[in-house]
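The block underneath contains the structure these notes are about, expressed in structure tokens.
The values are calculated or read from the model by the stated rules, or taken from the named source; none is laboratory data. Remember, it's a predicted structure, so these values are computed and weren't measured experimentally. Here the Cβ is made from the backbone with ideal geometry for all residues, glycine too, and neighbour counts use every protein chain on show. These accessible areas exclude ligands, DNA and RNA; they are computed on the full protein's heavy atoms, side chains included. Shrake-Rupley method; radii C 1.70, N 1.55, O 1.52, S 1.80 Å.
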Amino acid sequence: MSEVTGAEHPVVRVAGVLEALGDPTRRVVVELLAVGGGRTATSLASELPVTRQAVVQHLAVLRAAGLVQSRREGREVQFELRSTALTATAAWMADVAAQWDRRLAIVAEIAETAQVEAMLADRTRQDS
């Protein structure tokens with residue numbers, strides 16, 4: 001497997017992002033942060049069917065994957081989305097998709113060539 005562009009974002013980091021986003025609640029947390037900007041765990045929990053403690057655990061997983069960052073503002077901790085890890089993951093996925101597109105194009109070319117050869121062989125037999 002190749003590395004994602006940027007020395008700080010190897011495929012291992014992408015695996016962590018994909019694992020973190022494998023949970024539907026964490027995907028909703030990411031969506032809420034993308035739309036609403038900085039939010040507290042309490043604010044996020046008010047929009048989710050889980051407790052504040054569960055949201056804090058989900059945020060810890062997202063932070064470990066590099067998807068969110070936190071900053072203290074007085075007594076509150078604000079969580080914000082970090083686009084770098086998402087961008088690196090999207091770049092890796094685009095690279096994988098491009099590789100598959102190239103492979104499928106080769107398969108399609110082989111199939112078309114075989115079809116043309118079969119048609120030519122049929123014509124040759126009919127002409128004989």
**OP:** Might you tell me the accessible area per residue for the chain, computed with a 1.4 Å probe and given in Å²?
**Re:** 67 Å²
**OP:** Treat the stretch 69-128 as a sphere of radius equal to its Kirkwood radius over Cα pairs and apply Stokes-Einstein at 20 °C in a medium of 1.002 mPa s; give the translational diffusion coefficient in µm²/s, rounded to a whole number.
**Re:** 130 µm²/s
**OP:** For the chain, give the percent of accessible area contributed by carbon and sulfur heavy atoms, probe 1.4 Å, rounded to a whole number.
**Re:** 57 percent
Original post:
Using helices alone, what [θ] at 222 nm do you get for the chain, with -39,500 (n - 2.57) per DSSP H run of 4 or more residues, divided over all residues and rounded to the nearest 500?
Top reply: -22500 deg cm²/dmol
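About the Cα centre of the stretch 32-128, how large is the charge dipole given +1 on each Lys and Arg Cβ and -1 on each Asp and Glu Cβ? Please answer in debye to the nearest 20. Kindly include the intermediate steps, with their values, before the conclusion.
Details: 11 positive and 11 negative charges, 159 e Å.
Rounded to the nearest 20 debye, it is 760 debye.
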Subject >> For the stretch 35-78, convex hull volume per residue from C-alpha positions, Å³ >> reply: 77 Å³
**OP:** Report the label-to-label distance for R102 and E31 in nanometres (one decimal), using points 7 Å from each Cα along the Cα→Cβ vector.
**Re:** 3.5 nm
Original post:
So how far apart, in nm, are the two label points at R75 and D127 if each is 7 Å from Cα heading toward Cβ?
Top reply: 9.1 nm
**OP:** Select from the chain the helices, each a whole stretch of DSSP H, whose alpha-carbon atoms run 30 Å or more along the helix axis and whose Kyte-Doolittle mean is at least 0.0; answer none if there are none.
**Re:** 83-127
Subject >> Where Rh is the Kirkwood radius over Cα pairs, Rg/Rh for the chain >> reply: 1.36
